[in-house]
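In what follows, a single structure is set out as structure tokens and then discussed.
The values are calculated or read from the model by the stated rules, or taken from the named source; none is laboratory data. Please read all numbers here as calculations on a predicted model, not as lab measurements. Ideal geometry is used to build each Cβ from the backbone, glycine not excepted, and the neighbour counts take in all protein chains shown. Remember, those area values only see protein heavy atoms, side chains included, never the ligands or the DNA or RNA. Shrake-Rupley method; radii C 1.70, N 1.55, O 1.52, S 1.80 Å.
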Amino acid sequence: QAKARGRNGYQFYAPSMTGEGLERLRIEAMLRRSIDKGEIFLHYQPQVEIDSGRLIGVEALVRWQNPELGLVPPVRFIPLAEDTGFINQLGEWVLQEACRQMKRWDDAGLNVPKIAVNLSAKQFERGSIVNMVGGVLEETGLDAARLQLEVTESVIMDTGDALGFINDLHSIGVSLAIDDFGTGYSSLAYLKQLPVQTLKIDRSFIKDISTDINDEAITIAIIQLAKSLNLSVVAEGVETGEQADFLMRHGCNKAQGFFYSRPVLPDDLLSKWRD
Ligand code: C2E
Ligand code: MG
Ligand code: MG
Ligand code: MG
């Protein structure tokens, strides 16, 4: 019986690592050239005050349009960029472009109070994040108070001296948001020490807010936590009016999600929000 199982149950096939490995190398090579080839661009998603509908900011979200691969979502290429170190170049490009775009909207007469830009953990490893951010602000002329950087809980918990880096960023006038809040393992004691201004409630909690009592409880708890720590709170992934009503009833008056707008190109933001 054992013998039979040995013959039929075990499959000693070798997965074609060579093929996959080569494919990955090829995509990495294409990614490394993507900025120079003009294949990288940004979408912007509005952040809205729920009761007034006012535009309070936008989040910059990176996109890669490659002739061969099509539009590649960030969840597919950010990890590659992190593994290869390209994330540093990409992250700087994203920040530069986001700041330049703010200037263009200013010139066009659209008031976008704030722009949020995502940072990856790998961008903290070099230790010069504050120089990079300070340099970009200087060269683009954007007021530091209009820039918010988004990091996840894991970036904070896994980065040695995260407190130091975040204090440095705070000292040049940039604000910080904790992205996907509630999905990581941040310590509340630590959170209290950090000069963070905003918690972004992860969209996984918002999704079933009217049907799942656990998600409701977590969302309400995060809103309360933000209130007691004197932080601003934004709900991510708001797709329905009911979700927005729920949030407002429980004291969260800021939202981002498809209910308000998908991430869009700069001109679409202009045509929709300029009064
Ligand atoms: P994130 O920072 O949490 O960004 C929000 C994501 O949720 C975006 O996906 C956005 O399109 C999506 N989203 C917004 N509203 C809704 C909604 O109502 N319903 C649903 N189902 N989804 C919604 P996207 O653009 O694909 O980005 C995914 C993640 O990739 C981001 O999550 C962020 O972690 C990362 N990312 C994007 N741009 C950058 C970047 O420039 N640098 C770094 N390091 N990471 C980035
Ligand atoms: Mg984000
Ligand atoms: Mg998020
Ligand atoms: Mg996310």
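Things to note:
- Each residue in segment 87-113 was checked for being assigned to a loop (DSSP other than H, G, I, E, B) and surrounded by fewer than 19 Cβ atoms within 10 Å (Cβ to Cβ), and 4 pass.
- E236 vs. criteria more than 20 Å from L163 (Cβ to Cβ), within 16 Å of ligand 4 (Cβ to nearest atom) and among the acidic types (D, E): yes
- Among the residues making up segment 67-86, those that are outside any loop (DSSP other than H, G, I, E, B) and of a type in the set (A, V, I, L, M, F, W, C) are L71, V72, V75, F77, I78, L80, A81.
- Here F258 meets each of (1) over 28 Å from N131 (Cα atoms); (2) among the hydrophobic types (A, V, I, L, M, F, W, C); (3) in contact with a helix residue (DSSP H, G or I) (Cβ under 7 Å, 6 or more places away or on another chain); (4) within 16 Å of ligand 4 (Cβ to nearest atom) with one exception, condition (3).
- Residue satisfying condition, being in contact (Cβ under 8 Å) with a residue 24 or more places away in the chain, within 16 Å of ligand 2 (Cβ to nearest atom) and among the aromatic types (F, W, Y), within set F246, F181, F205: F181
- Restricting attention to segment 239-271, the residues that are more than 14 Å from D51 (Cα to Cα), within 16 Å of ligand 1 (Cβ to nearest atom) and touching a Leu at 6+ places or on another chain (Cβ under 9 Å) add up to 5.
- Scanning segment 114-132 for residues that are charged (D, E, K, R) and not in a loop (DSSP other than H, G, I, E, B) yields K122, E125.
- Any hit, segment 138-145, residues being within 16 Å of ligand 2 (Cβ to nearest atom), buried (at least 17 other Cβ atoms within 10 Å of the Cβ) and closer than 18 Å to V58 by Cβ: no
- Looking only at segment 53-110, residues that are among the basic types (K, R) and closer than 15 Å to R32 by Cβ come to 0 in all.
- Which listed residue, of L169, L163, L149, is in contact with a Leu (Cβ under 8 Å, 6 or more places away or on another chain), within 28 Å of E97 (Cα to Cα) and either within 16 Å of ligand 4 (Cβ to nearest atom) or not in a helix (DSSP H, G or I) (or both): L149
- Residue within segment 251-264 that is closer than 24 Å to P74 by Cβ, at pLDDT 95 or above and away from ligand 3 (no atom under 16 Å from the Cβ) present: yes
- Scanning segment 222-243 for residues that are among the small types (G, A, S), over 22 Å from L61 (Cα atoms) and either surrounded by 14 or more Cβ atoms within 10 Å (Cβ to Cβ) or touching a helix residue (DSSP H, G or I) at 6+ places or on another chain (Cβ under 9 Å) (or both) returns a single hit, A226.
- Unmet criterion (only one of (1) of a type in the set (A, V, I, L, M); (2) more than 16 Å from ligand 4 (Cβ to nearest atom); (3) open to solvent by less than 20 Å² (accessible area, probe 1.4 Å); (4) more than 23 Å from G135 (Cα to Cα)) for L199: (2)
- Search result, residues across segment 202-217 that are open to solvent by 10 Å² or more (accessible area, probe 1.4 Å) and within 15 Å of ligand 3 (Cβ to nearest atom): D202, R203, S204, F205, K207
- Residues (modelled with pLDDT under 95, open to solvent by 30 Å² or more (accessible area, probe 1.4 Å), of a type in the set (S, T, N, Q) and farther than 25 Å from Q224 by Cβ) located in segment 146-194: N167
- Within segment 46-72, residues that are more than 28 Å from G241 (Cα to Cα) sit with their Cβ atoms under 7 Å from residues that are open to solvent by 10 Å² or more (accessible area, probe 1.4 Å) and outside any strand (DSSP E or B), at 6+ positions apart or across chains, in these pairs: W64/E39; Q65/E39; N66/M30; N66/E39.
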